[in-house]
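Chemist: Here you go, one structure.
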Amino acid sequence: MNYRDFLQKIIYWVINPLVKGMIRVGITPNFVTTSGFVLNVAAAVLLLYGALNHPRELSYLGWAGGVILFAGLFDMMDGRIARLGGMSSTFGALYDSVLDRYSELVTLFGISVWFSSCGYVWGCIITYIALIGSIMVSYVRARAEGLDIECKVGLMQRPERVVLTALGLILTGLCAKTASFDPVLLTIVPMGLIAVLANLTAFWRIIHCYRQLRKK
């Protein structure tokens with residue numbers, strides 16, 4: 001069992017009572033998926049508002065990070081509700097994947113705009129590279145699965161990207177008053193990790209697919 005499976009089991013153990021309660025009151029997986037997307041849009045709006053109206057107020061980054069982390073729970077609960085409630089569907093899987101991509105795009109867009117508006121040009125560039133990597137990780141997996149290849153290898157999958165992004169923003173907000181270093185670095189560094197590792201993961205998956213296809 002790898003670390004992701006281990007952590008997933010712990011998280012499922014924690015959220016299962018809530019998930020079962022949601023099933024009992026009739027909440028559907030698609031509703032939860034939509035709610036998570038709306039929360040990610042709200043986080044992006046917080047970042048945009050802070051960038052345009054209060055460019056040096058780092059608390060907006062912290063609040064946005066908290067919202068993104070909270071929205072990440074919805075990403076886990078929709079699939080769990082579908083499985084435990086017997087509500088799995090092909091459209092639901094498609095809908096979840098599409099809104100996951102939109103969620104990531106809007107949050108990274110919000111971070112990029114904040115960096116750009118507040119004079120962190122390199123932060124903006126790094127975040128854009130992270131966005132490219134995030135999309136390509138998902139795209140390579142989708143193309144692989146279209147060829148009947150299981151492709152979940154790599155270090156920087158969506159859960160890791162969401163947690164890194166959220167924690168970076170939260171820590172920036174919490175350390176806003178520090179004078180020993182620029183707290184914005186606490187967001188730039190995670191964006192840099194995602195930029196490097198997500199793109200490496202995309203190429204890792206391409207190599208994985210190449211090896212699998214050679215076996216056929």
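Chemist: Within region 149-202, track down each residue that is under 12 Å from the mean Cα position of the chain (by Cα) and either over 14 Å from Glu104 (Cβ atoms) or among the small types (Gly, Ala, Ser) (or both).
Modeler: Passing the criteria: Ala166, Leu167, Ala198.
Chemist: What do you reckon, is Leu39 touching a helix residue (DSSP H, G or I) at 6+ places or on another chain (Cβ under 6 Å), of a type outside the set (Phe, Trp, Tyr) and open to solvent by 30 Å² or more (accessible area, probe 1.4 Å)? Break it down stepwise before answering.
Modeler: On the way: touching a helix residue (DSSP H, G or I) at 6+ places or on another chain (Cβ under 6 Å): yes; of a type outside the set (Phe, Trp, Tyr): yes; open to solvent by 30 Å² or more (accessible area, probe 1.4 Å): yes.
The answer is yes for Leu39.
Chemist: What single numbered condition from (1) touching a helix residue (DSSP H, G or I) at 6+ places or on another chain (Cβ under 9 Å); (2) open to solvent by 30 Å² or more (accessible area, probe 1.4 Å) fails to hold for Met77?
Modeler: Of the numbered conditions (1) touching a helix residue (DSSP H, G or I) at 6+ places or on another chain (Cβ under 9 Å); (2) open to solvent by 30 Å² or more (accessible area, probe 1.4 Å), the odd one out for Met77 is (2).
Chemist: Moving on to the next point. If only one of Val106, Val113 is at negative phi, part of a helix (DSSP H, G or I) and over 17 Å from the mean Cα position of the chain (by Cα), which one is it? Quick ask: steps written out before the conclusion?
Modeler: Values: Val106 fails: over 17 Å from the mean Cα position of the chain (by Cα).
The conditions single out Val113.
Chemist: Filter region 154-172 for residues that are open to solvent by 40 Å² or more (accessible area, probe 1.4 Å) and farther than 22 Å from Val184 by Cβ; which is modelled with the highest pLDDT?
Modeler: Pro159
Chemist: Right, another one. So, in region 5-21, of the ones that are under 12 Å from Arg83 (Cβ atoms) and modelled with pLDDT under 80, which residue ends up surrounded by the fewest Cβ atoms within 10 Å (Cβ to Cβ)?
Modeler: Of everything passing the filter in region 5-21, Asn16 is surrounded by the fewest Cβ atoms within 10 Å (Cβ to Cβ).
Chemist: Here is a follow-up. Exactly one condition in (1) assigned to a helix (DSSP H, G or I); (2) touching a residue at least 12 places away in the same chain (Cβ under 8 Å); (3) among the β-branched types (Val, Ile, Thr) is false for Ile27; which is it?
Modeler: Among (1) assigned to a helix (DSSP H, G or I); (2) touching a residue at least 12 places away in the same chain (Cβ under 8 Å); (3) among the β-branched types (Val, Ile, Thr), the lone unmet condition for Ile27 is (1).
Chemist: Among the residues of region 45-73, write down those that are open to solvent by less than 10 Å² (accessible area, probe 1.4 Å), small (Gly, Ala, Ser) and either within 19 Å of Leu185 (Cα to Cα) or out of contact with any helix residue (DSSP H, G or I) (no Cβ under 7 Å at 6 or more places or on another chain) (or both).
Modeler: Selection gives Gly50, Ala51, Ala64, Gly65.
Chemist: I would also like to ask the following. Checking the condition without any contact (Cβ under 8 Å) to a residue 24 or more places away in the chain and either crowded, with 17+ Cβ neighbours inside 10 Å or farther than 19 Å from Glu104 by Cβ (or both), which residue from Arg205, Arg214 passes? Working first, answer last.
Modeler: Values: Arg205 fails: without any contact (Cβ under 8 Å) to a residue 24 or more places away in the chain.
None of the others qualify; the one that does is Arg214.
The values are calculated or read from the model by the stated rules, or taken from the named source; none is laboratory data. Keep in mind it's a predicted model, so treat the numbers as computed, not measured. In this analysis, Cβ positions are derived from the backbone assuming ideal geometry, glycine residues included, and neighbour counts consider all displayed protein chains. To get the accessible areas, we keep the full protein, side chains included, count just its heavy atoms, and leave off ligands, DNA and RNA. Shrake-Rupley method; radii C 1.70, N 1.55, O 1.52, S 1.80 Å.
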